[in-house]
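**Student:** First, the structure itself, so that you have it in front of you.
Each reported figure results from applying straightforward, stated rules to the coordinates on display, with no laboratory input. The shown structure was predicted, so the numbers you read here are calculated from the model rather than taken from an experiment. Every residue, glycine as well, gets a Cβ built from its backbone with ideal geometry; the counts of neighbours run over all protein chains shown.
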Amino acid sequence: MDKAMFELARGAMAKAHAPYSRFRVGAVVKGANGRLYAGCNVENAAYPEGCCAETSAIAAMVMDGESKIVEVLVMGGGEGLVTPCGGCRQRIREFATDDAPIHICSPDELRRTVTLGELLPLSFGPENLA
């Protein structure tokens with residue numbers, strides 16, 4: 001994890017639209033092209049219609065024409081680890097391999113790094129449809 005990813009995630013977290021939960025999340029994905037793509041969570045009054053920070057970051061990556069994630073950073077507050085939800089784990093899997101590092105951070109520090117394979121063991125991905 002590099003400092004640029006960390007700072008970009010912190011900036012994204014600050015921009016989150018979380019008027020209901022007040023739980024702000026920022027995420028950054030690094031594409032195979034080396035570029036960083038940030039996203040934040042965006043809540044909606046119709047609760048299931050919001051989107052996660054990871055989803056926002058992936059959408060920005062896809063809009064730039066990139067199709068491979070090589071690294072992810074997720075940042076959230078609180079005492080516990082803020083890991084990608086189940087849906088976001090699968091969304092990340094669409095573009096990343098099991099060995100992709102996922103950095104779990106607070107706004108102040110790296111708390112833990114795991115691989116996508118650890119977060120989503122025995123996953124189903126694009127190659128399963130080939």
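**Student:** Given only helices, namely DSSP H runs of n ≥ 4 each adding -39500 (n - 2.57), what is the per-residue ellipticity at 222 nm of the chain, to the nearest 500 deg cm²/dmol?
**Tutor:** Counting only the DSSP helices, I get -8000 deg cm²/dmol.
**Student:** Quick one: the Cα spread of the chain along its three principal axes, in angstroms, biggest first?
**Tutor:** The Cα atoms of the chain stretch 42, 34, 28 Å along their principal axes.
**Student:** Moving on to the next point. Using the charge dipole of the chain (Lys, Arg: +1 at Cβ; Asp, Glu: -1 at Cβ; taken about the Cα centre), state which of Asn33, Ala45, Gly80 has its Cα farthest towards the positive end.
**Tutor:** Highest projection toward the positive end goes to Ala45.
**Student:** Report the extension gain between Arg111 and Ser67 in nm, rounded to one decimal, defined as 0.36 nm multiplied by the number of residues separating them, less their alpha carbon distance.
**Tutor:** 13.1 nm
**Student:** Evaluate the distance, in nm, between pseudo-label points positioned 7 Å from the Cα of Asp98 and of Ala130 along their respective Cα→Cβ axes.
**Tutor:** 1.5
**Student:** Restricting attention to segment 82-130, which GluC sites (Glu not before Pro) occupy a DSSP loop and are surrounded by at most 15 other Cβ atoms within 10 Å?
**Tutor:** Answer by residue number: Glu109.
**Student:** Also, I was wondering about something else. Explain nothing, just the number: dipole magnitude of the chain about its Cα centre with +1 on each Lys and Arg Cβ and -1 on each Asp and Glu Cβ, in debye rounded to the nearest 20.
**Tutor:** 240
**Student:** Also: Please compute the modelled spin-label separation between His17 and Ala46, points set 7 Å along Cα→Cβ, answer in nm with one decimal.
**Tutor:** In this crude spin-label approximation the distance works out to 1.4 nm.
**Student:** DSSP loop chymotrypsin sites (Phe, Trp or Tyr not before Pro) in segment 1-91 with at most 12 other Cβ atoms within 10 Å of their Cβ, which ones?
**Tutor:** Listed in order of number, the matching sites are Tyr20.
**Student:** Suppose each label sits 7 Å from its Cα in the direction of the beta carbon; what would the Glu79-Lys3 distance come out to in nanometres?
**Tutor:** 3.2
**Student:** To continue, here is another question. Remind me, relative contact order of the chain in percent, using alpha carbon pairs under 8 angstrom and six or more residues apart?
**Tutor:** After rounding, I find 20 percent.
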